[in-house]
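Heads up: the structure comes next, in structure tokens.
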Amino acid sequence: MGIGLGIFLLVVGGILGFAVDADAVSGVNLNVVGFVCLAAGALALLLGIVQSTQRQHRTDRVEYVDERRPRDYPPPRP
């Protein structure tokens, strides 16, 4: 769930909740479906924002170990 999904559900819920006649489909109250979509969209938007802010505060610790051996230099001349 991300911010985009939350915005999409808010738009669909707003259209179903406020712009569609409740009796358009028999057996389903589209106003209730719209309000459920509005609530789910608000929750998805909130969770997306929380996840986004937590992702920004994450720190990664990388430890590099140099395991190369030094070059074998020729012995010094006497």
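Miscellaneous remarks
- Among 33, 20, 62: highest mean-square fluctuation, GNM of the chain, C-alpha pairs under 10 Å: 62
- Extension gain for residue 31 to residue 61 (0.36 nm times residue separation, less C-alpha to C-alpha distance): 5.8 nm.
- Listed residues 17, 41, 27, most fluctuating in the chain (Gaussian network, C-alpha, under 10 Å): 27
- Only one residue of 64, 33, 78 has its Cα farthest out toward the positive end of the dipole of the chain, where Lys and Arg carry +1 and Asp and Glu -1 on Cβ, and that residue is 78.
- For the range 3-51, the carbon plus sulfur part of the accessible surface works out to 77%, probe radius 1.4 Å.
- Simple point charges give the picture: +1 on the Cβ of Lys and Arg, -1 on the Cβ of Asp and Glu, and for the chain a dipole about the Cα centre of about 660 debye.
- P(r) tail fraction, the chain - alpha-carbon pairs more than 22 Å apart, %: 56
- Couplings 3J(HN,Hα) for the range 34-41, derived from phi with the Karplus relation 6.51 cos²θ - 1.76 cosθ + 1.60 (θ = phi - 60°), are x, 5, 5, 5, 4, 5, 5, x Hz, where x marks Gly and Pro.
- Most mobile of 50, 65, 36 in a GNM of the chain (Cα contacts under 10 Å): 65
- Rolling a 1.4 Å probe over the heavy atoms of the protein chains gives the chain an accessible area of 89 Å² per residue.
The values are calculated or read from the model by the stated rules, or taken from the named source; none is laboratory data. Given the structure is predicted, the values throughout are model-derived calculations rather than measurements. Note: ideal-geometry Cβ built from the backbone for every residue, glycine included; neighbour counts use all protein chains shown. These area figures cover heavy atoms from the full protein model, side chains too; ligands, DNA and RNA do not enter into them. Shrake-Rupley method; radii C 1.70, N 1.55, O 1.52, S 1.80 Å.
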